[in-house]
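The values are calculated or read from the model by the stated rules, or taken from the named source; none is laboratory data. Computed from a predicted model, the values in this text were never measured in an experiment. Here the Cβ is made from the backbone with ideal geometry for all residues, glycine too, and neighbour counts use every protein chain on show.
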Amino acid sequence: MKVGIDTFGCGHGRSGIGTYLVSLCAHLPDDGTFQFELFGSEMDRYTYNRDKNIGYAGISAPDNPAFERLWHLFQAQGFIKKKRYDCVLFPAGPQLLQRAYSFPAAAVVHEHLSLRLKTRSNWFSNTRVLAGLKRVARVIAPSQFVRKDLMGLGIDGAKIEVVHNGIDHALFCPRSGPEDAPIDTKPFAVKRPYFVYVTSLSGPEKKHVELIQAFNLFKLNTGLPHRLVLAGSDGPGLPAARAAAQKSPFTSDILLTGYFPHEGLPQLYAGADAFVFPASGEGSALPVIEAMAVGIPCVCSRGGVLPEIAGNHALFFTSGDAVDIALGLEKIVSDGELRKTLVSGGLEWTRRFTWEKTARRTLDVLQSIC
């Protein structure tokens with residue numbers, strides 16, 4: 001069975017979708033049942049298959065989202081037919097769908113799609129996204145939350161399969177070291193104590209501004225020496241977050257790192273007093289379970305997928321409410337028993353999330369459509 005895997009739209013491995021694809025590829029089986037081949041921009045020939053020898057079909061294309069959309073609309077069908085794939089996986093899901101499918105295909109939807117469509121006023125583009133999802137053979141969702149959201153948009157629930165994302169437990173595991181030593185995560189050295197939030201600065205739905213406002217209140221109310229580390233790729237939300245940080249009376253305690261290498265995240269998590277996740281429209285919230293697996297408490301929004309993905313092992317607050325977020329930060333640093341309970345529960349909870357399971361379930365979905 002020959003499986004094609006589309007790498008377009010995955011941010012050259014520097015986005016959440018890119019991290020997903022790197023991890024998925026690293027755990028695909030070598031038992032001879034499947035023959036895998038990645039295809040996409042020539043510049044990504046070694047991006048997603050660095051941990052496993054998977055074939056790659058490079059396409060000479062400018063690094064341009066508009067070109068990639070046009071390629072999927074007008075050239076992908078011919079390319080896939082020529083490659084004779086038995087089925088195709090589209091990890092970037094709704095970003096790069098086609099007008100029709102003459103081959104079995106599955107699209108992965110990582111996001112709270114109805115929220116994205118609501119905030120984007122391009123009617124034609126929104127219509128094309130939904131039409132593509134309705135025509136594809138299967139849709140893979142990383143959570144029940146995303147599945148219900150897609151059904152609300154008119155996608156047939158019978159063809160939506162929930163496959164939770166995994167984590168690399170060899171990488172994301174408890175770590176120890178001197179509590180007063182700075183965390184050296186090149187190219188940054190972060191002085192303790194600090195809170196950390198890891199996600200791209202893609203827009204206001206990530207709630208960076210509200211978190212900075214909450215951090216200001218936390219500092220004013222407690223006088224504690226904590227810092228706030230915001231790690232994630234730059235995006236449209238950067239100007240607002242940067243402006244909020246610069247206006248803060250504690251601006252010297254706020255660090256925006258930009259893109260942060262995935263392999264450096266465990267050390268960054270391990271040095272933090274808590275992981276904070278204020279975004280409310282997430283579809284998978286993978287950094288939350290990564291932080292739990294490292295052994296730090298998580299303080300999360302109670303919106304979106306968070307209650308599903310974190311279970312009862314996080315301290316929840318109202319997303320967008322700076323006062324409630326600040327109260328959560330105060331509680332997590334002052335209540336030692338709560339911290340212990342959340343850490344121990346989180347470690348046990350995250351054992352159920354593995355990339356081996358994710359890869360196996362994904363292949364089960366692909367086999368079901370071939």
Assess whether VAL190 counts as being among the β-branched types (Val, Ile, Thr), under 22 Å from SER334 (Cα atoms) and modelled with pLDDT under 95.
yes
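Just checking, does the range 167-176 include any residue being surrounded by fewer than 17 Cβ atoms within 10 Å (Cβ to Cβ) and at pLDDT below 90?
Of all residues in the range 167-176, those surrounded by fewer than 17 Cβ atoms within 10 Å (Cβ to Cβ) come to 169-171, 173-176.
Still in the list and also at pLDDT below 90: 175-176.
Yes, because at least one residue in the range 167-176 is surrounded by fewer than 17 Cβ atoms within 10 Å (Cβ to Cβ) and at pLDDT below 90.
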Out of the residues in the range 130-141 that are modelled with pLDDT of 95 or more and not β-branched (Val, Ile, Thr), which is nearest to ALA285 (Cα to Cα)?
ALA141
Examine the range 334-353 for a residue that is in contact (Cβ under 8 Å) with a residue 60 or more places away in the chain, touching a Leu at 6+ places or on another chain (Cβ under 8 Å), surrounded by 15 or more Cβ atoms within 10 Å (Cβ to Cβ) and assigned to a helix (DSSP H, G or I), and state whether such a residue exists.
no
Residues being over 15 Å from LYS207 (Cα atoms) and either in a helix (DSSP H, G or I) or small (Gly, Ala, Ser) (or both) - total across the range 304-333:
13
Kindly evaluate GLN246 against the criterion of being at pLDDT 95 or above, surrounded by fewer than 20 Cβ atoms within 10 Å (Cβ to Cβ) and of a type outside the set (Lys, Arg).
yes
Hey, could you check the range 139-173 for residues that are more than 17 Å from the chain's Cα centre (by Cα) and in a loop (DSSP other than H, G, I, E, B) and say which is nearest to LEU21 (Cα to Cα)?
ALA170
How many of the residues in the range 36-45 are at negative phi and either within 21 Å of the chain's Cα centre (by Cα) or assigned to a strand (DSSP E or B) (or both)?
6
Subset of the range 273-294 that is in contact with a Pro (Cβ under 8 Å, 6 or more places away or on another chain) and part of a loop (DSSP other than H, G, I, E, B) - its residue that is surrounded by the fewest Cβ atoms within 10 Å (Cβ to Cβ)
ASP273
The range 72-109, residues that are surrounded by fewer than 19 Cβ atoms within 10 Å (Cβ to Cβ) and assigned to a helix (DSSP H, G or I)
LEU73, PHE74, GLN77, GLY78, PHE79, LYS81, LYS82, LYS83
Could you list all residues from the range 1-35 that are surrounded by fewer than 18 Cβ atoms within 10 Å (Cβ to Cβ), of a type outside the set (Val, Ile, Thr), more than 14 Å from the chain's Cα centre (by Cα) and assigned to a loop (DSSP other than H, G, I, E, B)?
MET1, PRO29, ASP30, ASP31, GLY32, PHE34
One residue is enough: does the range 209-228 have a residue meeting the conditions farther than 30 Å from GLU356 by Cβ and modelled with pLDDT under 95?
no
Working only within the range 249-268, note down all residues that are modelled with pLDDT of 95 or more, part of a loop (DSSP other than H, G, I, E, B) and of a type outside the set (Phe, Trp, Tyr).
PRO249
Given the conditions (1) without any contact (Cβ under 8 Å) to a residue 40 or more places away in the chain; (2) touching a strand residue (DSSP E or B) at 6+ places or on another chain (Cβ under 8 Å), and given that VAL108 satisfies all but one, which numbered condition is not satisfied?
(1)
